[in-house]
Amino acid sequence: MTLAAAGAAVLAACSGRRGDRLAAEEHEVVAPSGAFTAIVVPDGEELRPTIRDASGEPVWTDDLPHVERYFPGIVWESGADVLWVLSTDHGDSSVRQDEAGAWVRTMGGDGMPEDIAELAR
């Protein structure tokens, strides 16, 4: 299965509005603030969830390698610039800006909104 096919499978698995919320290689998703986007960037045989600023420059790239077989679910919270990485490879995590403006990951699903938890199931 190609990376594009894996992304399509993830999107197809989620119906309607949910599928539109998930970032993929060819589907960049805008954060609630409109200031950032999320996309999945291929890196050789690995996939790297990435957050970009309004100019398209990466401000955070996942340092954990994801593989095509376990295409990660990448989705913004509905009301906040918090990106959730739903991964069967590494477990779920959230990424948000700290007080200094750096993007940091928190491993685990603590505080995961119910609509995101539904996508993780």
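The values are calculated or read from the model by the stated rules, or taken from the named source; none is laboratory data. These numbers were taken from a predicted model, which means no experiment stands behind them. Note: ideal-geometry Cβ built from the backbone for every residue, glycine included; neighbour counts use all protein chains shown. We work out accessible area using only protein heavy atoms, side chains counted, and drop any ligands, DNA or RNA first. Shrake-Rupley method; radii C 1.70, N 1.55, O 1.52, S 1.80 Å.
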Filter result for Gly91 (open to solvent by 40 Å² or more (accessible area, probe 1.4 Å), at positive phi and at pLDDT below 95): no
Region 26-53, subset at pLDDT below 95 and in a loop (DSSP other than H, G, I, E, B), residue least open to solvent (accessible area, probe 1.4 Å): Gly44
Every residue from region 42-56 that is among the small types (Gly, Ala, Ser) and either at positive phi or touching a residue at least 40 places away in the same chain (Cβ under 8 Å) (or both): Gly44, Gly56
Within region 84-93, tally of residues that are of a type in the set (Ser, Thr, Tyr) and not in a loop (DSSP other than H, G, I, E, B): 1
Among residues of region 66-83, those that are closer than 21 Å to Gly101 by Cα and part of a loop (DSSP other than H, G, I, E, B), counted: 6
Selection from region 61-82 of residues that are open to solvent by less than 50 Å² (accessible area, probe 1.4 Å), closer than 16 Å to Pro32 by Cβ and of a type outside the set (Val, Ile, Thr): Trp76, Glu77, Ala80, Asp81
Of residues in region 1-25 being surrounded by 13 or more Cβ atoms within 10 Å (Cβ to Cβ) and either more than 12 Å from Gly73 (Cα to Cα) or among the acidic types (Asp, Glu) (or both), the one modelled with the highest pLDDT: Glu25
Residue match in region 94-111 (condition: buried (at least 19 other Cβ atoms within 10 Å of the Cβ), in a strand (DSSP E or B) and touching a strand residue (DSSP E or B) at 6+ places or on another chain (Cβ under 8 Å)): yes
Where a residue in region 58-78 is touching a residue at least 12 places away in the same chain (Cβ under 8 Å) and its partner, wherever it lies, is assigned to a loop (DSSP other than H, G, I, E, B) and open to solvent by 60 Å² or more (accessible area, probe 1.4 Å), with Cβ under 6 Å and at least six apart: Leu64/His90; Tyr70/Thr88
